[in-house]
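The values are calculated or read from the model by the stated rules, or taken from the named source; none is laboratory data. Since the model is a prediction, treat every value here as computed from it, not as a measurement. For neighbour counting, all protein chains shown are included, and Cβ atoms are generated from backbone atoms with ideal geometry for every residue, glycine included. For accessibility, only protein heavy atoms count, side chains too; no ligands or nucleic acids. Shrake-Rupley method; radii C 1.70, N 1.55, O 1.52, S 1.80 Å.
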Amino acid sequence: MKTDILNRLKYSLGKDAENASTYDWRIAVSLVLRDQMVETWFQSTKETYEASPKRVYYLSMEFLIGRLIEDMISNLRMEDTVKAAIAELGQDYNTIVHDEPDAALGNGGLGRLAACFMDSLATLGIPAFGYGIRYEHGLFEQSFAQGQQVEKPETWLTQRHAWEFERPEARYRIGFGGHVEHHEGKAHWHPGEVVMATAHDTPVVGWKGEWGNTLRLWSAEPAKEFDLESFNRGDYLAAGRSEALARTISRVLYPDDTTESGKELRLKQEYFFTAASLMDLLRRYLKDHDDIRALPDYVAIQLNDTHPAIAGPELVRILVDEHAIPMDEAIPLARKCLAYTNHTLLPEALERWSEHLMGRILPRHLEIIRAIEHAHQTEFPDSPRILEHGDVRMGELAFIMTHKVNGVSALHTELVKETVFADLHRIHPTRIINQTNGITPRRWLYGCNPSLRHLITDTIGEDWVADLEQLTALKSKRDDAAFIEAFTASKRENKVNLSNWISETMGVTLDPDAMFDVQIKRIHEYKRQLMNLLETVALWNDMRDNPNADWTPRVKIFGGKAAPGYFVAKDIIRLINDVAHVINTDPVTDDKLKIVYPPNYNVTMAERLIPAADLSEQISTAGKEASGTGNMKFALNGALTIGTLDGANVEIRDHVGSENFFLFGLTAQEVMERRTHHGYSRAAIEASPRLQRVLGQIAEGRFAPHDPSRYHGLVGMLYDHDYFLVTCDFDSYFDTQRRADTAYRNPANWAAMALVNTASMGWFSSDRTIKGYARDIWGAKSVTQAKLEKSA
Ligand code: F58
């Protein structure tokens, strides 16, 4: 390993050990690891060709993979070797690992789910490709200036990306615009603009390095480098214009996590990566099959939300225009290959494109969408329409063009059936199914929580890493005092580490024995960070009223970004920072209450915060959070949840037991009912003196003395249009927090509850989720499993 690293330093980076920077060492180590992976990767590809099984293609606009180096090291089981080599080379392991920038190619849960799925597909040995976009700039970098969010472009690709292989041979022409001609019953699309999609492959190796799949990300390049004629004329700007336009397509990830911006460039991104992926998978298929009609036997395409929903019309276009399959046969054939995952019920997040824009960017696709609409309406005259009020509704298109539609938690799936797709569900009653989300135990326990990992492995062996349900064996330890002590010590170690980091990076001193109460996720009204903050202020008031009472010390930790155009969310960020400033400098509560909000929350920060959490905030308005996956990560790492009956919280509570979960708030049904009451929020505020007091303090400028009217808008909104029912759930939330305080004062009992959480979370492994997709949606098999069965 040492020699390999030095060779890489020398021959790939042109450096010797004396002159190498941390960056050089990191790239050298990464390249050595990548070499190790390549063997598995080739072997897997070879076995896949031999077995000719069904391949899974996961199409996603986002893959929020974070750092890869430690994933690679642990999946290849090379921790000891790498650490020893780096130490012998006189370098620091942590410095090298922390030098890697996060690959932030996603906004939040949807993108991170895709990354967990890639890990599970590889671990399970299911042949799969992830297809997405190689954004030059991932999710923006967040900082705070006087408490306000400032966004800067993220620049991960200004450095070499050590894990990828560019594939100049996998290049496709992607057309946009132009016109369609019809001759003798055949359509001919003549695009007005063409860009090239070039593949960049990152190997994804599963646990123990037994199987490797590919994450193939497309970057956009000009079809023609630059216009030499303009250049020779001296018009340098014109010479580079088409090149710049082409590259724009993969330039930046859209930072909107819920609202659809309806931007032309976004539609182009969606078509760009979807079309390239379909061409690529069809080329692979046609290499060793000649019957295009057998495609569904070998290809399963999963659409991660509606972003790649243009895959329906695009596949039909290819079948009809390029393979001469009649339209009425092409539509069901395409449908058999495709499935769609819905991640949201929020109406503002359901994609729709104006027919006008669609016709301008993708004229042939609009014709095909009309044909799909016509075919469906003919068969089901009372069907909801894809084309409505001059819009193409991508949810309806995705539903109609796929054979399975899945929700991401049991509650969410029921709500999908009852709300967004109620009419389509009546027509196609078996199409909607549930696949509750999951998380990869490799990153979200083994990797991020070494102290707990060691304790678990010392107790039950190591097989839990690929078979998470084995954690149930830990339940019997809840009455074992020595084990509980070790479990508590592991949590404390993580809290001390986090406190040190907070102190170094933010200059705030934390008490590691205080309850660490964490809410990390995108900032959104429905996720109700505001309610958490109001509760914090109410607690602070109570502490100041009665400073000598027996308070449970708390650290409130927030993390998350707001979409740049989401002004209410940005006000909430500013208020958290303003309140933090006042509370953190109050001598009366100095040893009892602190608020920290480290900027630029990302996957790496999640890996730091989650293992150190005692309490996990999952407090969305019931019916609004499709599933949540952070909720699972916390519970797995031994945090107790305070939460509503929303998304996967319901199933987490079922698994860990209601006695080990702090439940509060209205149910989804009650939420809908409450909204019909006139003046419900004003009534709730009037019934709660505690909430009134807090809102009064915020409104009179207690936390912004130089700009007292700063939060009038926010407070006014709570009085008059509290759509997310912060006011209605406030009292029940506050009381439940006090129950948590009381429970925390009994450390052994708290630890036992936390342990039961960890021990009960096996079902939430993304391995279980992927097995569900493979069985119920894709009809795909594990090649490694088949090999095992054959040899047995
Ligand atoms: C999230 N959606 C859900 N969307 O909010 C969360 O409950 C769920 O656990 C997770 O998906 C995985 O199923 C989400 O993250 C986005 O970020 C989209 C980005 C692109 C625009 C629309 C929203």
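Observations on the model:
- Considering the conditions (1) more than 23 Å from residue 126 (Cα to Cα); (2) within 16 Å of the ligand (Cβ to nearest atom); (3) of a type outside the set (Ser, Thr, Tyr); (4) assigned to a helix (DSSP H, G or I), residue 83 is excluded by exactly one of them, (2).
- Note on region 144-158: among residues that are open to solvent by less than 50 Å² (accessible area, probe 1.4 Å) and of a type outside the set (D, E, K, R), the one that is nearest to residue 710 (Cα to Cα) is 147.
- Hits in region 119-141 (condition: under 22 Å from residue 506 (Cα atoms) and either part of a loop (DSSP other than H, G, I, E, B) or open to solvent by less than 10 Å² (accessible area, probe 1.4 Å) (or both)): 140
- Criterion applied to 161, 200, 188 was being more than 14 Å from residue 276 (Cα to Cα) and part of a strand (DSSP E or B), and the one residue passing it is 188.
- Residue list for region 99-114, restricted to those being without any contact (Cβ under 8 Å) to a residue 60 or more places away in the chain and either surrounded by fewer than 24 Cβ atoms within 10 Å (Cβ to Cβ) or within 11 Å of the ligand (Cβ to nearest atom) (or both): 101, 111
- Any hit, region 54-68, residues being modelled with pLDDT under 95, closer than 30 Å to residue 777 by Cβ and open to solvent by 20 Å² or more (accessible area, probe 1.4 Å): no
- Restricting 480, 467 to those that are more than 21 Å from residue 766 (Cα to Cα) and of a type in the set (D, E, K, R) reduces the list to 480.
So that you can scan it fast, the table gives a plain yes or no per residue for (1) farther than 13 Å from residue 556 by Cα; (2) within 14 Å of the ligand (Cβ to nearest atom); (3) modelled with pLDDT under 95; (4) not assigned by TED's automatic domain parsing to the domain that holds residue 668:
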site: 585; (1), (2), (3), (4): yes, no, no, no
site: 588; (1), (2), (3), (4): yes, no, no, no
site: 593; (1), (2), (3), (4): no, no, no, no
site: 596; (1), (2), (3), (4): no, no, no, no
site: 599; (1), (2), (3), (4): yes, no, no, no
site: 619; (1), (2), (3), (4): yes, yes, no, no
site: 625; (1), (2), (3), (4): yes, yes, no, no
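- Residues of region 348-357 classified as under 28 Å from the mean Cα position of the chain (by Cα) and more than 12 Å from the ligand (Cβ to nearest atom), total: 3
- Within region 283-317, considering residues that are open to solvent by less than 10 Å² (accessible area, probe 1.4 Å) and of a type in the set (Val, Ile, Thr), the one nearest to the ligand (Cβ to nearest atom): 306
- Those helices (runs of 4 or more DSSP H) of region 615-695 in which at least 3 residues are closer than 23 Å to residue 766 by Cβ, considering only elements entirely within it, cover 630-636, 649-656.
- Of all residue pairs spaced 6 or more apart or on separate chains, those with beta-carbon atoms under 7 Å, a first member in region 322-347 that is more than 16 Å from the ligand (Cβ to nearest atom) and a second member that is open to solvent by 60 Å² or more (accessible area, probe 1.4 Å) are 333/293.
- Residue 246 being touching an Asp or Glu at 6+ places or on another chain (Cβ under 8 Å), of a type in the set (A, V, I, L, M) and in a helix (DSSP H, G or I): yes
- Residue count for region 555-577 satisfying the condition of being open to solvent by 20 Å² or more (accessible area, probe 1.4 Å) and touching a residue at least 40 places away in the same chain (Cβ under 8 Å): 8.
- Just one residue in the set 224, 268 is within 16 Å of the ligand (Cβ to nearest atom) and either more than 29 Å from residue 34 (Cα to Cα) or in contact with a His (Cβ under 6 Å, 6 or more places away or on another chain) (or both); that residue is 268.
- Cβ-Cβ under 7 Å pairs, at least 6 apart or on other chains, region 524-549 side in the same structural domain as residue 593 (by TED's automatic domain parsing) and over 13 Å from residue 738 (Cβ atoms), far side open to solvent by 30 Å² or more (accessible area, probe 1.4 Å) and assigned to a helix (DSSP H, G or I): 525/568; 541/693; 544/588; 547/588
- Among the numbered conditions (1) surrounded by fewer than 23 Cβ atoms within 10 Å (Cβ to Cβ); (2) outside the structural domain of residue 446 (by TED's automatic domain parsing), the only one that residue 767 does not meet is (1).
- Of 300, 309, 334, 330, all but one fail to be of a type in the set (A, V, I, L, M, F, W, C) and either at pLDDT below 95 or more than 20 Å from residue 374 (Cβ to Cβ) (or both); the exception is 300.
- Taking each residue of region 675-704 that is surrounded by 13 or more Cβ atoms within 10 Å (Cβ to Cβ) and looking for partners that are assigned to a loop (DSSP other than H, G, I, E, B) with beta-carbon atoms closer than 6 Å, six or more apart or interchain, yields 681/722; 698/711; 701/708; 704/710.
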